[in-house]
Each structure stands twice: as C-alpha cells, then as structure tokens.
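Trainee: Sharing a structure with you now.
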Amino acid sequence: MIKQILGKLPRKPSRSSSNDSNNDGGLNAHSSLNSSHGANSINNSKSSSNSSKTSNPSLGASRLNNGILAPNSKMNQGKKSAPQLGPVMTSGVYEALPSFRDVPNSEKPNLFIKMVNMCCVVFDFSDPSKNLKEKDIKRQTLLELVDYISTVTSKFNEMAMQEITKMVAANLFRTLPSANYDNKILEMFDPEDEEPAMEPAWPHLQIVYEFLLRFVASSETDAKLAKRYIDHSFVLRLLDLFDSEDQREREYLKTILHRIYGKFMVHRPFIRKAINNIFYRFIFETERHNGIAEMLEILGSIINGFALPLKEEHKLFLVRALIPLHKPKCVSMYHQQLSYCITQFVEKDFKLADTVIRGLLKYWPITNSSKEVMFLGELEEVLEATQAAEFQRCMVPLFHQIGRCLNSSHFQVAERALFLWNNDHIRNLITQNRRVILPIIFPALERNTRGHWNQAVQSLTLNVRKIFSDADQELFDECLVKFEEDEVKQMEAQEKRELTWKRLEDLATSKAVSNEAVLVSSSVSSIAIATGTSPRTTAGG
C-alpha cells in the first residue's frame, strides 16, 4: 500500500551522471526509438512510474519516462528508479529549461548536457494536434543548442560528444517509410512522375541536422576525440538516410557527409567504399534509390581533390561503379552529377578517355531517345578533355555510333550529334583524322542530305559536309564516288535477291503436287483468295 502511494508521488530529477546507464557510446541506446515511443512516454506518467512492474521481463530494456532506455526492469523492482539523463520530465511533464542567457558561464556546459538529453525524446508527428506544447518546447530547446554550439569557445569534452551523438542518433536514425514504388513493377516505375513524401517531423529534424552540421564544422570539435563517436556505424546509418524521399533532408545529409569526409581523414576510405557498395546494389539489384544524385555530388568534389597519379583504387571505382551507373533507366535523375564525375576523371588523367568512351558505347541506349541525347552531351564534355592519342584509339567504334545517331529519325538525336562539329576542339580532332572518320560517317551524311524529314537536320548536315569538303575536297570526292558505287551495288544486290525469290516461287509453282507443300507467292495467294479457291489448286493449275 505504501509503495503504491509513493509510486504516485512526483519524482525529483536525478543529478547523477548519465554514463551509468549508457556505456555503449550513445549510438545504440536510441537506435530502436521511433516517434511513438517518445510521445507515449510523455503522456502517461502513471504507466512510466510503474514501468518496473508492467514491463515485459523478456525484453532486454524498459523505457524511463523521458524516453531513454534503462537496464532490464528486473534489476529495478523494489528499488529507486535509475538515474535520468537530466531534468527532462517531472510527473510526466516536459518542462522547458532556462536559457543560456539566464545562467552564468560556469553553468552553461551542464545546461548544455541537460538540454541535449532533453532533446532525446522523440515525438509523434503523424498527429499534428498531439503534444503541441511539448513539441514547441523541444523546438525552442534545439534552437538554443544551435545558437550555443555556434558561439562556444571551449573544446567539447568526451562526455559532451557522447551525449551529442546519442541525441542525434535518437532523432535522425530511423526506418524510412516505404517508398511509393515498392509495390510497382520496375519497368513501369518512373521516379520523375512520383510525388516525393515530405517528412512530417521536419520542424524538429531540420534543427537537429543544423545542430549536427555545426558540431562537425566547429573548430571546437576535436576530430581525434570525435571519431570515437562519429564512427563507421554512425556513418553507415547516415548513408542509409540518403534514401529519404524528402529532398530537404538529402541536402543536409550531403553537406554533413562532405564535412565529415573533410574533417575525419581516417574515415575517408570507408566512406568511399560504403558509397561504392550503395552504387553496386542500385545498379545490379534494385535500380531504386533517392539519393544517388546527392552522393555523386559529394564524389564530384572528392574526385576533384584526388592527388596525381591516380590510385588504382580510384580507377577501379570509375570502371566498376561510375561507368555502369549509365545503365539504369532512371539515369536522368542523376546524369548531370554523374557526367561531372566522369569528366573530372578524364581531366585528372587524360589516358582514361579511351576507357570512358568505350564504357559509354557499351551502355549506349538503343530505343530511348532522350537518354541518347544525354549521352551525346556527356560525350562532348569527355571529348573536350581528350587528347589526340586517346581519340585515335576509340574513334572507329565511336564514329560508327555517331553515324547511327546522325541517321536517327528522332530529330533531337540527329541534331545533338551534328552539334559536335560546333566544338572547336572536337572539330580539330575530327579534321586531323578525317581519312578514317569521313568514310565511316559519309553515308549517314549523304542520306540525311537526300532524305531526312527534319529541315534543321538537313541544314546542319550540309554545314558538316561543307567542313569536310573544305578540309579535303579530294577525300570528299572519293567518299562520294564510293558511296554512289555502293548504292549501285546495293540496288543490284536487291534486284538479284528479288529475282532469285521470283525464280524459286515459279519453280515451286511449276512442280507443285497435290500432296506436297508449295511455296506460294503473294500474287498467287491474292488471286486464290479473290476466286475462293485454295492456293495449292491455283498454283497447280
């Protein structure tokens, strides 16, 4: 009876250290927290005060009334509650703490820890009308933390870093909602047609991201000490969030990961490898991910800083990950960033131009015209950084493909291919190697001149023909003569083919027997259908 009365009395917040109940560095303590846990723990003070009696003993931990995981409830039965991580709640009430402006400088570090612990509670934003006061208190507290971390003038100690990463993990690391395309057939999925889902908890998440960004960027954050808490596990879980449909969240993640890459040199190989693995899964398994463009944007900056000569690891990354990223159907979602990364590699090491161009040809689209236009744009950027020796290695297969593009019935493809001659560097490369290139593409140019349906394509083709004729009239005439000879040969071969089929049909008709299969020409079949007789009878006479 006495225990029941005592259990209903309000408890004073404990002043003991938070390290007693969290000895794992703060990353895993909140990994299972979600929005409903925080809200439930705030609203039900009665259940929280009696949690040691009602919790399931099979669970490894029970929740205190501030949403923090405590040791197994069996250990707490008949004892006082475990120390809380700051004065977050009193009798189930989420109370605001004093502002940093209202306390002396000596008390600010302790207040900072209390505020960080207070913000570990996660609220349910699926119901906008729920816990409005508590949500506003947390938002104001987070804003206080952001201001403080921007103006702090002393190094963060280990305890502060532990609590910071624990709070960040509690708020950010969560299971993302199922994407809209989960139940759709991959062939029918088009990310550009889908409406992205906006994160309902963004009013809090945005400030937590800003807090993390300023913490990582702060000169008061010692990288040697912070790497114990912003470790490989932390980075992996941060990378998982890149699949969020909310672009605002991905923008923050992009900036934060880039700052982490710059500050924590020890993590750089791991971050590159982790991104590599995400790309592999996207290319060869799912073809579904929302954050490929943002990760490529980070890599573009990283590649720009690669030292020369390039390591073999970086070249393998180009061949095994970046070039195959041209394969997925949704390449348009990230092609601009991908093209920049590819061009960066060629500008760093011009000898990679042949590898890149052959890679583009390997994944060149056949039936997707818009994708083909993008490939031609990227090809121009690569060729602009290509030297003569590398150009000569790949020019034969390259201009066979360009020739097919010139004859494309889609006018944008043909037009974009013809625009290559507007680039001075590419035009010079082509002119220097015209004796190899012109015979390959001359038939395509001549067919466009004589019969392409689009007037703009015809006009551009005439300009290209003039470039070649001005550069080498003799070669141009030779190609024209050869083209006309080839046309005559093709017409003769076509006539011969038709004559051969006619002879076969006549022979089959003359030797037809009633019980034998007969090859019947289309003219005989039509006569038979018109007269109502069987083709075999008509053929046999």
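Trainee: Please list, by residue number, everything in the range 352-378 whose backbone N is under 19 Å from a paramagnetic label point 7 Å out along Cα→Cβ of Lys327.
Mentor: Residues passing the 19 Å test: 355-368, 371-372, 375.
Trainee: What distance in nm lies between label points placed 7 Å from Cα along the C-beta direction at His232 and Asp147?
Mentor: So the label points at His232 and Asp147 sit 4.1 nm apart.
Trainee: Mind ranking Thr153, Thr500 by accessible surface for me, highest first, 1.4 Å probe?
Mentor: Thr153, Thr500
Trainee: For the residue pair Glu484 and Leu316, what label-to-label distance in nm results when each label sits 7 Å from Cα along the Cα-to-beta-carbon direction?
Mentor: Computed distance between label sites Glu484 and Leu316 equals 5.8 nm.
Trainee: For Asn157 and Asp127, what is the calculated FRET efficiency with R₀ set at 51 Å and r taken between the beta-carbons, to the nearest 0.05?
Mentor: 0.85
Trainee: Same structure, new question: Taking R0 as 60 Å, what's the FRET efficiency between Val396 and Ser510 from their Cβ-Cβ distance, rounded to 0.05?
Mentor: Plugging the Cβ-Cβ distance into 1/(1 + (r/R0)^6) gives 0.75.
Trainee: Let me ask another. Please report, as a whole percent, how much of the solvent-accessible surface of the range 363-414 comes from carbon and sulfur atoms (probe radius 1.4 Å).
Mentor: For the range 363-414, the apolar C and S fraction of the accessible surface comes to 50 percent.
Trainee: For a protection proxy built on the mean count of beta-carbon atoms within 10 angstrom, sort 343-351, 446-454 highest first, please.
Mentor: Highest to lowest by the protection proxy: 343-351, 446-454.
Trainee: Continuing with this model, one more query. Please work out the FRET efficiency for the pair Arg503 and Glu347, using the Cβ-Cβ distance as r and a Förster radius of 60 Å; give the result to the nearest 0.05.
Mentor: That pair, Arg503 with Glu347, gives E of 0.45.
Trainee: Another one. Which three numbers, in whole Å and largest first, are the semi-axes of the equivalent ellipsoid of the range 289-410 derived from its Cα gyration tensor as √(5λ)?
Mentor: With the √(5λ) rule applied to the range 289-410, the semi-axes are 23, 19, 10 Å.
Trainee: Something else about it: Keeping every protein chain present and rolling a 1.4 Å probe, give me the accessible area per residue for the range 310-405 in Å².
Mentor: Ligands and nucleic acids excluded, the figure is 42 Å² per residue.
Trainee: Continuing with the same structure: Gln473 to Arg427: extension gain in nm, 0.36 nm per residue of separation minus the Cα-Cα distance?
Mentor: 14.9 nm
Trainee: Output the peptides 361-367, 114-120 sorted from most to least packed, where packing is the average of other Cβ atoms within 10 Å over each peptide's residues.
Mentor: 114-120, 361-367
Trainee: Work out, step by step, the length gained on full extension between Phe270 and Ser409: first 0.36 nm times the residue separation, then minus their alpha carbon distance; give nm to one decimal.
Mentor: 45.3 nm
Trainee: Moving on. Rounded to whole Hz and in sequence order, give me ³J(HN,Hα) for the range 393-402 from the Karplus expression 6.51 cos²θ - 1.76 cosθ + 1.60, θ = phi - 60°, writing x for Gly and Pro.
Mentor: Along the range 393-402, the couplings run 5, 10, 5, 5, x, 5, 7, 5, 6, 5 Hz.
The values are calculated or read from the model by the stated rules, or taken from the named source; none is laboratory data. Since the structure is predicted, the reported quantities are computational estimates derived from the model, not experimental observations. Methodologically, a virtual Cβ is constructed for each residue, glycine included, from the backbone with ideal geometry; neighbour enumeration extends over all protein chains shown. Surface areas here come from the heavy atoms of the whole protein model, side chains and all, with no ligands, DNA or RNA. Shrake-Rupley method; radii C 1.70, N 1.55, O 1.52, S 1.80 Å.
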